1. Any chance you could list the semi-axes, whole Å, largest first, of the equivalent ellipsoid that the Cα gyration tensor gives for region B:59-137, using √(5λ)?
2. Consider the operator that turns chain B into chain A: which B residue has a Cβ nearest its axis, and what is that gap in Å?
3. By how many nm would the segment from A:T22 to A:Q76 lengthen if fully extended, with 0.36 nm per residue of separation less the alpha-carbon distance?
4. Any number yet on Rg/Rh for the protein assembly as shown, C-alpha, Kirkwood?
5. Taking all protein chains in place and a 1.4 Å probe, what share, in percent, of the accessible surface of region B:1-101 do carbon and sulfur account for?
6. If you take the C-alpha gyration tensor of chain A, multiply each eigenvalue by 5 and take the square root, what semi-axes do you get, largest first, in whole Å?
7. Hey, what did chain A get for relative contact order, percent, Cα under 8 Å, at least 6 apart?
8. For the pairing of chain A with chain B, what total accessible surface becomes buried, with a 1.4 angstrom probe, in square angstrom to the nearest 100?
2 protein chains.
Amino acid sequence: MYSLDKTDTQLLQALSADPRSTFVALADTLGLSRNTVQARMKRLEDSGAFLGFDRRINPAALGYPLTAFIEVHVQQKRLAQIVIDLALIPEIVQAHGMSGQADLLVRVVCTDAADLFRIDGTILACDGVERTETSLAMGEVIPYRLTPLLDRRG
Amino acid sequence: MYSLDKTDTQLLQALSADPRSTFVALADTLGLSRNTVQARMKRLEDSGAFLGFDRRINPAALGYPLTAFIEVHVQQKRLAQIVIDLALIPEIVQAHGMSGQADLLVRVVCTDAADLFRIDGTILACDGVERTETSLAMGEVIPYRLTPLLDRRG
DNA sequence: CCTGAATAGGGCACTCTGCTCACTATTTTT
DNA sequence: AAAAATAGTGAGCAGAGTGCCCTATTCAGG
């Protein structure tokens, strides 16, 4: 496994600060040549340091202003099938398999409280799902970030 | 508030399929002129349909292969200060304020179980934090997606 | 019937990209 | 110590994409 050196970290920092910035701009910022930046970026991509590109879409713009997290308790041996069933529910935007109280942590978006109630029902209706616990997200008090981790590497 | 029409939805679909695709490519795919695509994208940007750009970085590449979710119960009137304190912990990559069982749902990354234990301790040490419940994420069984929602508008 | 919005098509200067090549340091291997 | 791999630099070039401009056409609503 490839491990990042200081220059790589600086690259990632610069990219976090401005994900749109071009190779030319990065080279300029870090005082490297464009070739070097390009080579390192390619290496980072190949090594899997990037999960990909993203133009993040606001669910609210799509008409789903509410986000909720639903803990799902299931019959564990049916887990695989349940995941397949859940994947069919469009309002589920993400799900993690968990080790802990719940078996699954599901993130859903919805139009309003009634919609959330309906989605919860749909989840409960899946064969093998035993119980759910719903929590409405009031806000993202710490928006997703990796900057502090990058900064610590100096 | 601007509401998306069919063409906008198709644009977002095409972008979800390939976030890197250029205006030229989008115009080509949808059978529109480049000017139209550019105009619509600008409108979408201005209307807040995009949350921004992202070159997603793999925390594992940074040396944090583990992800966990920690439910945090707090003295509610100290919530604001607690959020500030939590924001100082670099391993916290995201946090939501919740209405439900817990007051906060915190997402952390860590190097190993011992590291998670330490981070949990740091959270508990914050003034006003009463209790935490930690769950280790075993995997992202449904990766973040908005495609099904977009497709439904078809 | 007229107006305004959306779209299309053309054009132009500029930047970025992907690629290649030659040259220089630095480090590793033999 | 000599040879070889590795990383970086600087230059150049063709192609693609962008941002911006202007104009013509279509079409729905007043």
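1. Details: eigenvalues 89, 28, 24 Å².
Each semi-axis is the square root of five times an eigenvalue, giving 21, 12, 11 Å.
2. Output: B:D54, 2.
3. Working: separation 54, 0.36 × 54 = 19.44 nm, distance 4.67 nm.
Here the segment from A:T22 to A:Q76 would lengthen by 14.8 nm.
4. 0.98
5. Details: 2500 of 4980 Å².
Carbon-and-sulfur percentage of accessible area, whole number: 50.
6. In descending order, the three semi-axes are 40, 18, 14 Å.
7. Worked out over chain A, it gives 27 percent.
8. Interface area, both chains combined: 6800 Å², rounded to the nearest 100.
The values are calculated or read from the model by the stated rules, or taken from the named source; none is laboratory data. What you see is a predicted model; the values in this text were computed from it and never measured. In this analysis, Cβ positions are derived from the backbone assuming ideal geometry, glycine residues included, and neighbour counts consider all displayed protein chains. Please note that ligands, DNA and RNA were not included when accessible areas were found on the heavy atoms of the full protein model with its side chains. Shrake-Rupley method; radii C 1.70, N 1.55, O 1.52, S 1.80 Å.
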